[in-house]
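A short worksheet on the structure shown next.
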């Protein structure tokens, strides 16, 4: 629904379950998760599209909704007449007696906009509590005094997705070049092994299935042995797992009653 009405999500959570669940659906708009627990807030910062913000929940749900909308306006996330989808859900009910789920769409009104004055000391205290948010996820809290005016958040430069992709590609170019050189070196080793074993179209002919005189299978074994630097190799699609291959090798090398020494260490 949030994608249909082009509205960000506003979720109030104590344990972080609902914001994490909404993140898995990859909505087109951000998920503002209001939390009263710093530990939950730091955990939610790892989820895709979730913007965790610390705030103390008031006794009244309506007062908390208004306070959260004012905070989002202050941070520059919302503007007047913008629609917001408010979600009430989760294992731990907030302002609810039962585990009911609800979602409502509200519009940012004039009363949610900021002015230079505050109506009461209680509102000032609430604004001070909201300063502890995801900007302090490393554990350091910026304690601002109530006399300091609320400053507008720094606006990051807007760049297109295409420019961002090309910028990242340029930064990763040295790593890509290292991978390409490694791929080219291993490819050359494989090609030289195929050439030295004189692999040709006749090695890809069908066989009876018994393996007698199967030139293709012998050539494949020789190619793998050379590439891996081994004395010999046994390449079969019948090996179901690595344990199966090890067991087959041990049964071939040991007879009933033989002893095997496993030497480890330097």
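Values as computed for the structure displayed
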| quantity | calculated |
| --- | --- |
| Long-range neighbours under 7 Å by Cβ, at least six apart or interchain, first residue part of a helix (DSSP H, G or I) within segment 179-193, second surrounded by 10 or more Cβ atoms within 10 Å (Cβ to Cβ) | 189/227; 190/227; 193/223; 193/226; 193/227 |
| First in segment 55-77 and farther than 14 Å from residue 110 by Cα, second anywhere and part of a loop (DSSP other than H, G, I, E, B), Cβ under 6 Å, 6 or more apart | 55/130; 56/36; 57/36; 61/95; 64/57; 64/58; 75/153; 76/153 |
| Residue within segment 95-113 that is in a strand (DSSP E or B), at pLDDT 85 or above and under 27 Å from the mean Cα position of the chain (by Cα) present | no |
| Set 243, 208: member being part of a loop (DSSP other than H, G, I, E, B), exposed (fewer than 12 other Cβ atoms within 10 Å of the Cβ), free of Cβ contacts under 8 Å to residues at least 40 places away in the same chain and out of contact with any helix residue (DSSP H, G or I) (no Cβ under 8 Å at 6 or more places or on another chain) | 208 |
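The values are calculated or read from the model by the stated rules, or taken from the named source; none is laboratory data. Quick caveat, the model's predicted, so the values are computed rather than measured. All Cβ positions, glycine included, derive from the backbone under ideal geometry; neighbour counts span all protein chains shown.
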